[in-house]
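**Student:** The structure follows.
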Amino acid sequence: MSKIKQYAAICLTIGAMALGSCTGENVQETEDDIVQADESTDELTDEALEDEEEKKPLSGNDLIQHHDNHTYVHGDDGYYCLLEDGVEYDLVSQIAGTCWICATSCASITGYEMKHDGVIAPFDQHELVDAIYDEDESGGVSVVGGAYETGGLAICSINELSLGFGDGYVLDEAIEARGWTMDEIKEGIQKYGGLYIGIPDSNRAWVGYKDGYNTLNWPDAEDTDYDHSITVIGWDDHFPKENFVKPAAEDGAWITYNSNFPEKYYYVSYETHFDQIFDPPVFMSVSDEYSKVISHDCGKWTEEVAGDGGTTVANVFEEKGTLSAVGTFITETDEDLTIEIMSSDLKEVIYTQECHADKAGYKVFKLDEPIEVDKYAIVIKYPNGAPVEGSSFSYDENTKIVAFSDKGESFILIDDKWLDMSEKETWDKVGFETNNACIRALY
């Protein structure tokens, strides 16, 4: 590999951490033409937030009959909602700025159900926040102060879930839906479950109640206006354009789960763009098939390393057991990868498997033949860039991404030589501090 280049996105990641930091307060509109919501149910007060842990989550499927107070009632044509198609999900209120964790949890749990015929994969969303944000610097997101107030992104959940969480749940797929067409998104929801999205929600002039529906129509939002995360669970092609606080140009809306309004669906106009830059749309699903996940990296945060003709990296592991699968981040659509299990000295190939990923994101590849291992290496040949954790950086005085690597953990193949990715000599050749390769071993 003679030419190395860096795909740096640190500025985007730092700028994006403000997303998903909404406070959980439902500010009602006061215009005469807006139907005022019942304050006892539709306004998340400070008292309600304090009592949140004592509340029993509302069942989404108990809320199917939600048209009693509406003039407009949808028909069957051009309408679909996961919660009315047999998918179960408990709608819960966010605590402080945890909309992003609620939205990724909804996407992950509904994704699991789509693969397991309606079986629910429950896990505590707010415990996931605690797992992601810690107060030490052991690797990952380090937070000094309130984790719930910090905010976050889908990648925070993706990184943590890929390492395993709760009662044996492991992320097995995350599909980035950046730039997808409306039809592709609809097909994706029916196939993969809920779609995590970032939306502009900060200007109350574009948000409010009409005909008893909580709606958003903000077609010309700027990048800095995106401050909230929700999950798309369906659509209504005939939702009236007049039912938005500021009428849309055409009928139609996405039906979403909004942790700010857990007792209501949130209707987002087709003209309101999903965040495509800082926190792109993503489908997620988890699996309970694996007993253990080991990895050296803290997740893919900022960089990829790539060379002419592809990139080959390796992680050396020492863990006895049956290796069943390998997980990694996919940088492009339609990627063909080669996974090799090698001796720990990277000299002997023990097993080889060709793999294909249709979509960019994260994917677990099951081995056709599980292998008994002890000390070994996983080598992945990527057709383009290889995902690496990159260097540590600070978001603000209270939040930082901590990345580091130890000698003998991760290697990159340059000019037919394996170079240790913890060494400065390797960083000089690559052009930036790489630290570990993003490879997971699943047992």
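**Student:** Assess whether Asp51 counts as being of a type in the set (D, E, K, R), modelled with pLDDT of 85 or more and surrounded by fewer than 13 Cβ atoms within 10 Å (Cβ to Cβ).
**Tutor:** For Asp51, the condition - of a type in the set (D, E, K, R), modelled with pLDDT of 85 or more and surrounded by fewer than 13 Cβ atoms within 10 Å (Cβ to Cβ) - is not met.
**Student:** Ok, one more. Within the range 223-247, can you find the residues that are in contact with a Pro (Cβ under 9 Å, 6 or more places away or on another chain) and either part of a strand (DSSP E or B) or surrounded by 23 or more Cβ atoms within 10 Å (Cβ to Cβ) (or both)?
**Tutor:** Of everything in the range 223-247, those that are in contact with a Pro (Cβ under 9 Å, 6 or more places away or on another chain) and either part of a strand (DSSP E or B) or surrounded by 23 or more Cβ atoms within 10 Å (Cβ to Cβ) (or both) turn out to be Tyr226, Asp227, His228, Val232.
**Student:** I've got another one for you. Glu318 is checked against (1) touching a Lys or Arg at 6+ places or on another chain (Cβ under 6 Å); (2) in contact (Cβ under 8 Å) with a residue 60 or more places away in the chain and fails just one. What number does that condition carry?
**Tutor:** (2)
**Student:** Continuing with this model, one more query. Filter the range 256-269 down to residues that are at pLDDT 95 or above and over 16 Å from Ser229 (Cβ atoms), then give me how many there are.
**Tutor:** The total comes to 2.
**Student:** Here's another thing I want to ask about it. Tell me which of these Asp275 doesn't satisfy, since it passes every other one: (1) without any contact (Cβ under 8 Å) to a residue 24 or more places away in the chain; (2) crowded, with 22+ Cβ neighbours inside 10 Å.
**Tutor:** Here Asp275 meets the rest and fails (1).
**Student:** While we're here: I'd like to know if the range 149-161 contains one or more residues that are part of a loop (DSSP other than H, G, I, E, B) and either at pLDDT 95 or above or under 13 Å from the mean Cα position of the chain (by Cα) (or both).
**Tutor:** There is at least one residue in the range 149-161 that is part of a loop (DSSP other than H, G, I, E, B) and either at pLDDT 95 or above or under 13 Å from the mean Cα position of the chain (by Cα) (or both).
**Student:** Which of the numbered conditions does Asp220 fail, given that it passes all the others? Conditions: (1) surrounded by fewer than 22 Cβ atoms within 10 Å (Cβ to Cβ); (2) part of a loop (DSSP other than H, G, I, E, B); (3) touching a residue at least 40 places away in the same chain (Cβ under 8 Å).
**Tutor:** (3)
**Student:** Let me ask another. Which one of the conditions (1) in a strand (DSSP E or B); (2) out of contact with any Lys or Arg (no Cβ under 7 Å at 6 or more places or on another chain); (3) surrounded by fewer than 24 Cβ atoms within 10 Å (Cβ to Cβ) does Ala174 fail to meet, given that it meets all the rest?
**Tutor:** Ala174 satisfies every listed condition except (3).
**Student:** Same structure again: Among (1) aliphatic (A, V, I, L, M); (2) surrounded by 16 or more Cβ atoms within 10 Å (Cβ to Cβ); (3) more than 24 Å from Tyr196 (Cβ to Cβ), where does Ile371 come up short?
**Tutor:** (2)
**Student:** Among (1) assigned by TED's automatic domain parsing to the domain that holds Ser344; (2) in contact with a strand residue (DSSP E or B) (Cβ under 6 Å, 6 or more places away or on another chain), where does Thr256 come up short?
**Tutor:** Among (1) assigned by TED's automatic domain parsing to the domain that holds Ser344; (2) in contact with a strand residue (DSSP E or B) (Cβ under 6 Å, 6 or more places away or on another chain), Thr256 violates only (1).
**Student:** Here's something else I'd like to know. Only one of (1) charged (D, E, K, R); (2) surrounded by fewer than 14 Cβ atoms within 10 Å (Cβ to Cβ); (3) modelled with pLDDT under 80; (4) not in a helix (DSSP H, G or I) is not met by Asp76, so which one is it?
**Tutor:** (3)
**Student:** May I ask you to verify whether Gly97 is at pLDDT 50 or above, surrounded by 14 or more Cβ atoms within 10 Å (Cβ to Cβ), under 24 Å from His228 (Cα atoms) and in contact with a helix residue (DSSP H, G or I) (Cβ under 6 Å, 6 or more places away or on another chain)?
**Tutor:** Here the answer is yes, as Gly97 does meet what is asked.
**Student:** Restricting to the range 339-358, count the residues that are in a strand (DSSP E or B) and under 23 Å from Gly179 (Cα atoms).
**Tutor:** Residues meeting the conditions: 2.
**Student:** If you don't mind, another one. Tell me the residue from Gly152, Gly166 that is surrounded by 24 or more Cβ atoms within 10 Å (Cβ to Cβ) and either in contact (Cβ under 8 Å) with a residue 40 or more places away in the chain or touching a Leu at 6+ places or on another chain (Cβ under 9 Å) (or both), please.
**Tutor:** That would be Gly152, the only listed residue that is surrounded by 24 or more Cβ atoms within 10 Å (Cβ to Cβ) and either in contact (Cβ under 8 Å) with a residue 40 or more places away in the chain or touching a Leu at 6+ places or on another chain (Cβ under 9 Å) (or both).
**Student:** Filter the range 389-443 for residues that are in contact with a Phe, Trp or Tyr (Cβ under 9 Å, 6 or more places away or on another chain) and at positive phi; which is surrounded by the most Cβ atoms within 10 Å (Cβ to Cβ)?
**Tutor:** Gly390
**Student:** Related question: Given the conditions (1) closer than 22 Å to Gly310 by Cα; (2) modelled with pLDDT under 95; (3) small (Gly, Ala, Ser), report the number of the one that Ser410 does not fulfil.
**Tutor:** Of everything listed in (1) closer than 22 Å to Gly310 by Cα; (2) modelled with pLDDT under 95; (3) small (Gly, Ala, Ser), Ser410 misses just condition (2).
**Student:** Among the residues in the range 295-311, are any surrounded by fewer than 20 Cβ atoms within 10 Å (Cβ to Cβ), among the β-branched types (Val, Ile, Thr) and closer than 23 Å to Lys407 by Cα?
**Tutor:** no
**Student:** Can you tell me which residues in the range 323-342 are under 25 Å from Tyr443 (Cβ atoms), of a type in the set (Val, Ile, Thr) and out of contact with any Gly (no Cβ under 7 Å at 6 or more places or on another chain)?
**Tutor:** Across the range 323-342, the qualifying residues are Val326, Thr328, Thr338, Ile339, Ile341.
The values are calculated or read from the model by the stated rules, or taken from the named source; none is laboratory data. Note that this is a predicted model, so its numbers are computed, not measured. FYI the Cβ positions are ideal-geometry reconstructions off the backbone, even for glycines, and counts take in every protein chain you see.
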